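Working notes, structure below.
Values quoted throughout were computed directly from the atomic coordinates according to the rules given, and no laboratory measurement underlies them. Note that the coordinates shown come from a computational prediction; the quantities given were computed from them, not determined experimentally. Here the Cβ is made from the backbone with ideal geometry for all residues, glycine too, and neighbour counts use every protein chain on show.
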Amino acid sequence: MEDRGDGAFVLVPAQVPKGPLVEALPYSLADALRQHNKAHPAEEQIRLRMALHAGEVAFDDQGVTAPSINRAFRLIEARPVKKALRESPGVLVVITSEWFFDEVVRHSGVVDPATFRQVQVAVKETSTTGWIFRPDHPYPVGHDLVGPPVGLLRIARAT
């Protein structure tokens, strides 16, 4: 884990199954955030954005580098994910890359792909598709869903 000031960057080893990153982690994190928020005054409460993506990385003298890391950072900074957190009464919003959604979410027996919303991400040089999920305040199944229903992780504190 690497502290990024207003967030954390977590590089998950390749041998770790990706399913639990979307099937269990968001729910556990949302529960922990709610518990924290209940015990703290408003100015100390936390709401988070989390991005999930997977890809190859390289290690060098500067640390870890990869286009997949840049992709995760672009996803978390996208306007639609910030808007989703602003508009949600929940404490956590997750955005996955298109690859993560197609390869992990669509094949999950735990999370329902129909509760994700497809969004367009345009940040800096990146133009891509992302899928937003609100684990503690889900979108209604089928509402505005685009596409048929069927690790890298970065968490940033909302500002």
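Data overview
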quantity	calculated
Point-charge dipole on Cβ atoms (K/R +1, D/E -1) for the chain, about Cα centre, debye to 20	480 debye
Kirkwood Rh in Å, taken over segment 49-119 so that all alpha-carbon pairs contribute	13.4 Å
Positive-end residue, the chain charge dipole about Cα centroid, Cβ charges, pick of Thr65, Leu11, Tyr27	Tyr27
Relative contact order (percent, whole number), segment 1-108, Cα cutoff 8 Å, 6+ residue spacing	28 percent
Calculated [θ] (222 nm, deg cm²/dmol) that DSSP helices of n ≥ 4 give over the chain, each run adding -39,500 (n - 2.57)	-8000 deg cm²/dmol
Segment 91-111 and segment 47-88: distance between their alpha carbon centers, rounded to Å	14 Å
Lysines with Cα under 19 Å of Lys82, excluding same-chain neighbours fewer than 8 positions away	Lys124
Cubic angstrom per residue, convex hull over Cα atoms of segment 9-155	125 Å³
